[in-house]
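The values are calculated or read from the model by the stated rules, or taken from the named source; none is laboratory data. The structure presented is a predicted model; accordingly, all values stated were derived computationally and were not measured. Backbone-built Cβ (ideal geometry, glycine too); neighbour counts: all protein chains shown.
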Amino acid sequence: METFNKFGDLGFGGIFIDGELGGSGLSRTDTTVIVEALATGCVGTTAMLTIHNMCGGMIDKYGSEEQRKKWLPKLCDMSVKASYCLTEPGAGSDAASLSTKAVLDKAKNEYVINGGKAFISGAGQSDIYLVMCRTGGVGASGISCLLIPKDTPGLSFGSDEKKMGWKVQPTRQVIFEDCRVPASNMIGKEGQGFQVAMVGLDGGRLNIGACSLGAAQICFETCLKYVKERKQFGKSISDNQGTHPSLQPLTIHGYSLLFCTSYSIQAG
Ligand SMILES: Cc1cc2nc3c(=O)[nH]c(=O)nc-3n(C[C@H](O)[C@H](O)[C@H](O)COP(=O)(O)OP(=O)(O)OC[C@H]3O[C@@H](n4cnc5c(N)ncnc54)[C@H](O)[C@@H]3O)c2cc1C
């Protein structure tokens with residue numbers, strides 16, 4: 001979380017949000033370049049940052065003026081952190097089949113949410129949750145997006161998943177038990193939630209790709225440095241055929257990435 005707060009000071013909390021609302025006003029291309037560079041330091045931290053930016057982007061594009069003014073400045077300076085809640089235990093790749101239900105209590109003009117999300121990055125740490133829920137019939141058109149603050153009664157979190165990577169950020173279930181939010185917490189229109197979620201993911205996928213590229217780049221550079229430094233039989237192992245830097249570029253990349261992956265695993 002300390003690192004996250006530093007991101008806010010550096011202007012990374014709302015990389016592609018307008019300057020007027022506290023963002024850095026950069027392009028999606030700029031964002032992928034920043035993400036790729038940050039991921040050479042820590043993929044897990046960077047990935048979490050991209051999810052936070054994705055949520056800000058969804059509020060910016062689909063939120064009302066009131067919602068944008070209320071949340072975007074805080075998301076940009078990272079005094080408020082956001083998580084994205086689409087996946088459920090029974091709805092992964094087939095996200096449009098999600099079953100977390102939000103029913104409108106007309107008397108109070110509040111949505112009552114019941115259900116649960118799985119594998120949510122930042123769950124328990126984030127201050128707000130953009131939750132895709134079923135407000136209508138089956139399929140994508142029955143889904144809406146609700147903003148649910150962390151302190152909402154009925155919202156709780158599962159235990160931290162034991163992962164192979166991205167260990168710096170928690171991945172937990174998010175559970176809703178008669179969780180109530182004002183109807184005004186809807187981002188976009190009723191039934192527009194799947195579109196909101198997919199537009200968010202359009203950028204999210206670019207960012208996760210950029211994260212992977214940054215990770216591969218630093219593994220490659222680490223590998224090249226290592227094969228030059230490491231000496232066996234009185235010479236650098238880079239002088240041997242299989243790890244020689246003058247191999248054809250494609251072979252170097254393919255081989256070195258395999259090699260450096262095993263090296264990185266050994267190096268922790
Ligand atoms: C570390 C981590 C963090 C995550 N963070 C978030 C988050 O913040 N918010 C969130 O909403 N979700 C999050 N997720 C969930 C992630 O988006 C899902 O894991 C993903 O959508 C895949 O769903 P699934 O795991 O249920 O796999 P499944 O949908 O069960 O898929 C399993 C396998 O089957 C393949 N498959 C499925 N359907 C088809 C098909 N039609 N054709 C061919 N192959 C197919 C898939 O490609 C995959 O290889 C996270 C997951 C992880 C692991």
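Please go through segment 126-145 and pick out each residue that is under 23 Å from residue 44 (Cβ atoms), out of contact with any Leu (no Cβ under 7 Å at 6 or more places or on another chain) and either within 12 Å of the ligand (Cβ to nearest atom) or not in a loop (DSSP other than H, G, I, E, B) (or both).
Going residue by residue through segment 126-145, those that are under 23 Å from residue 44 (Cβ atoms) are 126-131.
Subset that is out of contact with any Leu (no Cβ under 7 Å at 6 or more places or on another chain): 126-127, 129.
Passing the criteria: 126, 129.
So residue 106 fits all but one of (1) within 24 Å of residue 153 (Cα to Cα); (2) crowded, with 18+ Cβ neighbours inside 10 Å; what number is the exception? The one condition residue 106 does not meet is (2). Taken over segment 79-125, the criterion of being touching a Pro at 6+ places or on another chain (Cβ under 9 Å), polar (S, T, N, Q) and more than 9 Å from the ligand (Cβ to nearest atom) is satisfied by 79, 109, 125. Against the conditions (1) more than 12 Å from the ligand (Cβ to nearest atom); (2) more than 25 Å from residue 111 (Cβ to Cβ), residue 171 satisfies every one except (1). Within segment 196-204, one or more residues are in the same structural domain as residue 89 (by TED's automatic domain parsing), free of Cβ contacts under 8 Å to residues at least 12 places away in the same chain and surrounded by fewer than 20 Cβ atoms within 10 Å (Cβ to Cβ). Summed over segment 165-208, the residues that are aromatic (Phe, Trp, Tyr) and farther than 16 Å from residue 128 by Cα give a count of 2. Comparison of 118, 123 shows that the only residue that is touching a strand residue (DSSP E or B) at 6+ places or on another chain (Cβ under 6 Å), in a loop (DSSP other than H, G, I, E, B) and either crowded, with 18+ Cβ neighbours inside 10 Å or hydroxyl-bearing (Ser, Thr, Tyr) (or both) is 123. Determine whether residue 159 is touching a residue at least 12 places away in the same chain (Cβ under 8 Å) and crowded, with 19+ Cβ neighbours inside 10 Å. It is false that residue 159 is touching a residue at least 12 places away in the same chain (Cβ under 8 Å) and crowded, with 19+ Cβ neighbours inside 10 Å. Against the conditions (1) within 18 Å of residue 208 (Cβ to Cβ); (2) part of a strand (DSSP E or B), residue 166 satisfies every one except (2). Being among the hydroxyl-bearing types (Ser, Thr, Tyr), part of a loop (DSSP other than H, G, I, E, B) and surrounded by 14 or more Cβ atoms within 10 Å (Cβ to Cβ) is the filter here, so list the residues in segment 79-103 that pass it. Result: 87, 99, 100. Filter segment 17-28 down to residues that are within 17 Å of the chain's Cα centre (by Cα) and modelled with pLDDT under 95, then give me how many there are. Residues meeting the conditions: 1. Here 176, 220 are screened, and the one residue that is touching a Ser or Thr at 6+ places or on another chain (Cβ under 8 Å), touching a residue at least 24 places away in the same chain (Cβ under 8 Å), of a type in the set (Phe, Trp, Tyr) and not in a strand (DSSP E or B) is 220.
The one condition from (1) out of contact with any Pro (no Cβ under 9 Å at 6 or more places or on another chain); (2) hydroxyl-bearing (Ser, Thr, Tyr); (3) crowded, with 19+ Cβ neighbours inside 10 Å that residue 141 does not meet is (3).
Of all residue pairs spaced 6 or more apart or on separate chains, those with beta-carbon atoms under 8 Å, a first member in segment 106-123 that is over 15 Å from residue 87 (Cα atoms) and a second member that is part of a loop (DSSP other than H, G, I, E, B) and within 15 Å of the ligand (Cβ to nearest atom) are 113/100.
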